[in-house]
1. Pairwise over distinct Cα atoms, reciprocal of the mean inverse distance: report the Kirkwood radius of the range A:5-223 in Å, one decimal place.
2. So how do B:76, A:328 line up by other beta-carbon neighbours within 10 Å, fewest first?
3. Picking from B:47, B:120, B:110, which is most flexible by a Gaussian network model of chain B using Cα springs under 10 Å?
4. Take the cross-link list A:103/B:206; A:20/A:197; A:197/A:353; A:103/B:80 and give me the ones stretching past 28 Å between alpha-carbons.
5. Once Rh for the range B:81-121 is found with the Kirkwood sum over Cα pairs, what is the Stokes-Einstein diffusion coefficient at 4 °C and 1.567 mPa s, in µm²/s?
6. Antiparallel versus total DSSP beta bridges in the protein assembly as shown: what percent is that, nearest 5?
7. Give me the inter-chain shielding for A:178-190: mean count of other chain Cβ atoms within 10 Å, whole number please.
8. Based on the alpha-carbon gyration tensor of the range A:150-200, what equivalent-ellipsoid semi-axes (square roots of 5 times the eigenvalues) come out, in whole Å, largest first?
Amino acid sequence: MPEVFTSYNNIISPLGFTTKDNYSALLNNQSGIQNKSFGKLNDLFCLATIQEEKIKEYAVKAGIESGFTKLESLSILSIQDVLNQSGISLKEKNTLLIYSTTKGNVDLLEYNKPPVSKERAYLSKMTEAIGNYFGATNIPLVISNACISGLLAIIIAKRMIAEGLYENIIVCGGDLVTEFTVSGFKSFNALSTNLCKPFDARRDGINLGEAVSTILITKNKSLLSESSTHILNGASANDANHISGPSRNGDGLLQAIENTFSKHKHILPDTINAHGTATPYNDEMESIAFERAGLTRVPVNSLKGYYGHTLGAAGVLETVIALEAAHHNQLIKSAGFSEHGVSGKISVINEHKKTTINTVLKTASGFGGCNAAALFAKL
Amino acid sequence: MEIVISSYCRIKNNALIVNGKSIQLAKQDSAAFFLAETYKILGLNYPKFHKMDGLCKLGLLATEAALQNSGFLERHTLDKIGILMANKASSLETDRVHQQSISDKEKYLPSPSVFVYTLPNIVIGEIAIKHKITGENAFFVEPSFNTNLMLQQNNLMLKQSEVSAVISGWVDFDNGHMDALIYLTEIADDSIKKLNFKPLNEELLKQLYQ
């Protein structure tokens, strides 16, 4: 099977509109999370939202006419950046767009008079609008698999290219902070009122964040960027335990990791970018799975302290940052972590530091008991 | 690699069709009534069923109907079975219920037992939990039932992951309207070849979905 690579990418988040801006913000210890009121209630929430004025400014600059929702505009901006960098076009027959999201345009349900047709709350209607903007030849594919959506999209894109179905796949992941998600996670008592603290002893829940991130997956060696990696393998697995709580023993995540390494048993990854949502049960489960997988000494971080939980975007955004950091041989501090608070023996990165990175393991877990893992190697 | 279909269940217009045998309920009956009747017809005793939203009930029942007497779960180890599903409306049916519960400041009452079903892949989780199936997962959202995509992704999962069998299908629930086709696919190794199942192809899928 042909080798498949990651290449040009983009992140739009509260920390910037390019991968470069986002990456430098992280190294400067900036977080996109702020304490603010949101929606109908007067409660204060810790959320990572993108400034509306900024979005307008960039949309106008890019000449995106009205007629698009907030998420569609952000997605177009993010995809456009990757198309510009790589010089490829979605008009090409050998190029596909895969979109990963949990809720898409769910904010359209809020309005009595929505800015675009309510039909666009259907995910394929949303991606059709995005695809049409770029004159896409192929109908975009949508993956909606809870919080592993983004990573699963990368894994499936890799398989599709390896199979010879396409030469290039643009994977774009996006989700917004909406009243819909804020009220839902609050009803679960899953929201922390402070900055989230993945793997820390005092962690008490998630912060929600919004972002769109895009990455080119390709087999075309002429399209590689300086931070390109080889996607060695990826896998998903289900806990088969509970729809809203992770497995206690990390079985599902362990299975995803073991299957990812099934043909690469000799590799011990140099770093792990975990899911690390900062809920008590999730982080505990992940630590147990990592220890059982023999990854105790591998430096691990979560990026949720910088971005909050960006749901369907998380797997793409966090992979992009993890691979950018690998390119710079940089371990990025797991923001919010100070005191080890999980029972699995793992090595949480507590300060930015330089090291040698050749291989990166990325994992994700989500509602519905799903887990995913993927292994990347620098070229 | 040869892939076969060993069993299927089709639900449309208040009819339950399992491997060609059809049970028709009154067309005017509600989706809720149809699901409750089907639960009885299949002889299930699974209390968790009653907590589920419509999409999960539909997917679980269609899967149960396809699995019954199929021998599928006995032929494969549970960590080598994948679940691949797709639909059009994602979880919008339950999204609308959650949105309703937060639309009015005076009657603001979001519920975690509703919110948890506002993701389409929960139906995969429910099926996985019922049978302890732990293999690969993927949920796609499409403009309509797309035989090409279903076949393509089925093949990819069987060829490029560790699974040897996939519970595959379309499960859509939108504005009270149900549409499901669940089919069981397996790599035809020597022992499965002897069972003379039909090969999985586009024509057969189109025929089953009709």
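Coordinate-derived values only; no laboratory data. The structure displayed is predicted, hence computed values, not measured ones. Counting neighbours? That spans all protein chains shown, and the Cβs are built from the backbone with ideal geometry, glycine included.
1. Details: mean 1/r = 0.0550 Å⁻¹.
Kirkwood radius, the range A:5-223: 18.2 Å.
2. Details: B:76 21, A:328 13.
Least crowded to most crowded, the residues run A:328, B:76.
3. Sorting by GNM fluctuation, first place goes to B:47.
4. Values: A:103/B:206 30 Å; A:20/A:197 25 Å; A:197/A:353 20 Å; A:103/B:80 30 Å.
Long pairs (Cα-Cα over 28 Å): A:103/B:206; A:103/B:80.
5. 113 µm²/s
6. Numbers: 72 of 104 bridges.
Given both bridge residues lie in the protein assembly as shown, the antiparallel proportion sits at roughly 70 percent.
7. Values: counts 1, 4, 7, 3, 2, 9, 11, 3, 4, 11, 6, 1, 2.
The per-residue average across the peptide is 5.
8. Values: eigenvalues 246, 38, 16 Å².
The answer is 35, 14, 9 Å, longest axis first.
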